[in-house]
Amino acid sequence: MKKTDLAKNTILLSIGTIITKGINLLMIPLFSSWLSTEDYGTFDLLCTYVSLLIPFITMSSSDAIFRFLVDKDDEKEKKRYISTGFCINAVNSIAVCIIIAAIGVFKQWNMAIPFILLLLAELFNNHLQGFMRALKKLNIYSFASVITTFGIAIAVIIFVLGFDLGLSGIVYGYALGYLIGEVVLVLVTRYWEYLDFDLVNIKTVKELIGYAYPLIPNNICWWVINVSDRTFISLFLGNAFNGIYAISYKIPNFCASIFNVFSISWQEAAVDLLDSDDRNSYYNNVYNRTASTMISLCGGLLALNYFLFRYIFDVRYFDAKLYSPILITSVIFGSLTQYFGGIQISLKRTKENGLTTMMGAAINVIIDLIWINEIGLYAAAISTLVANIAICAVRYIRLTREAHFKLNGTTWIFVAYYMYLLFMSYWCNTFALSFFNLVFSCVMFCVINWDFVTKFLRKCKILK
């Protein structure tokens with residue numbers, strides 16, 4: 001990959017992601033008004049369990065497919081790895097779905113079928129993500145993401161408002177939306193042409209799992225850090241509190257999703273630049289750009305926080321305003337952590353990533369258990385922030401043997417700007433000052449990302 005391809009791929013994915021996440025943000029006020037805090041909390045909890053099961057079922061094979069195919073051109077090799085990954089997913093999915101169905105029958109759990117459908121839809125989406133990244137068809141990936149989001153929005157409206165299905169309706173809607181996007185991906189890429197089950201063998205299965213198995217505890221530990229808080233909240237505080245926390249997490253999740261766009265391109269670039277003579281200089285430049293860009297995004301959301309919770313979200317979720325700034329800040333450190341993780345993956349140090357993430361997960365759980373009964377939802381937000389800071393610091397230190405990372409003077413100015421907005425998100429309660437901060441954050445976003453903004457506008461043919 002050329003260095004310019006990192007920016008190109010990021011812009012390609014950003015167009016789809018900005019549209020996708022924009023629609024998701026517009027849907028949050030509707031979901032919060034349609035569902036009670038308890039139902040919304042239950043829905044969010046179901047989603048967290050889906051994200052927990054996926055690494056187990058897939059054996060993280062989508063990451064392995066990407067790593068083994070990203071630098072290969074042989075069509076037979078592509079078919080061998082993709083077909084093997086599909087078989088791993090299919091066999092494990094059947095076993096897990098039988099277990100869940102049995103639990104649904106014996107426990108009379110009426111959400112078993114919706115949960116299974118959502119799990120299968122997200123699982124196949126995960127497989128297709130690895131497939132698209134491996135083939136470097138990021139433009140199609142971005143387009144399908146937009147289709148998926150529109151599908152989810154329309155399906156949820158039909159099931160919840162049209163059929164009055166409530167909680168199960170929103171789960172069915174998400175499952176159907178994912179399915180629509182997957183059908184588009186399969187048809188556009190002619191996915192079936194990459195399946196040749198005669199090429200599947202035990203050796204390839206072992207090869208994929210051998211690379212990916214350290215990523216399984218890594219992915220699970222990320223689940224612990226990012227979403228296990230919901231489990232503790234449900235156990236100690238109740239699902240109504242979980243609904244409030246879920247809304248507070250939706251805002252920072254927007255920034256995290258935007259960075260994931262870059263992360264997809266960055267992993268590919270890190271692999272291709274591994275043997276480059278000037279890789280260390282390039283790594284440090286990307287490090288500063290990552291920090292600055294995330295500050296601009298997260299700073300903008302801090303400034304928007306006042307308006308979202310006062311004028312847009314349902315009043316039942318107003319307390320979420322208190323926890324959102326902490327979670328937004330954790331996204332910055334989480335993004336830098338993923339940046340360092342991309343370099344580790346290029347060096348094939350998946351175990352290193354796993355160990356640092358396990359450490360962060362342990363910190364997260366300990367803080368939750370000690371403080372959740374004392375300070376409530378603050379414990380969940382703070383545990384996520386501290387865990388991300390700890391992982392980021394350890395990976396930074398470990399990688400200094402390979403490359404030199406240093407924030408430049410301009411980036412430190414942006415850090416000071418962010419600290420101002422973080423303070424104002426708690427102190428400022430007036431419309432006028434909040435509006436000033438919002439305008440200020442928009443100006444700073446354009447200043448920090450001027451090159452990206454101009455390239456994005458040219459891509460959209462707004463600028464020549």
Could you give the distance between the Cα centres of the stretch 120-194 and the stretch 380-438, to the whole Å? 33
Apply the a/c threshold of 1.5 to the C-alpha gyration tensor of the stretch 353-458 and tell me whether it is rounded, prolate or oblate. oblate
Listed highest first by mean packing, meaning other Cβ atoms within 10 Å per residue, what order do 201-207, 293-299, 36-42 come in? 293-299, 36-42, 201-207
Roughly how many nanometres apart are two label points built 7 Å out from the Cα toward the Cβ at Ala95 and Asn285? 4.8
For each pair in Lys78/Lys351; Lys79/Lys351; Lys78/Lys136; Lys79/Lys203, compute the distance between the two Cα atoms and list the pairs where it is over 21 Å. Lys78/Lys351; Lys79/Lys351
Within the stretch 36-52, backbone nitrogen closer than 17 Å to the virtual label 7 Å beyond the Cα of Asp164 toward Cβ: 36
Fraction of accessible area attributable to carbon and sulfur, the stretch 299-383 (%, probe 1.4 Å): 67
Using a 1.4 Å probe on the protein heavy atoms, what percent of the accessible area of the stretch 101-180 belongs to carbon and sulfur? 69
Per residue accessible area in Å² of the stretch 319-461, where ligands, DNA and RNA are left out and the probe is 1.4 Å: 48
Relative contact order [Cα under 8 Å, 6+ residues apart], the stretch 346-456, whole percent: 18
Taking the mean number of other Cβ atoms within 10 Å as a proxy for protection, how do you rank 441-447, 425-431 from highest to lowest? 441-447, 425-431
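The values are calculated or read from the model by the stated rules, or taken from the named source; none is laboratory data. This is a predicted model, so every value here is computed, not measured. Here the Cβ is made from the backbone with ideal geometry for all residues, glycine too, and neighbour counts use every protein chain on show. Accessible surface areas use protein heavy atoms only, side chains included; no ligands, DNA or RNA. Shrake-Rupley method; radii C 1.70, N 1.55, O 1.52, S 1.80 Å.
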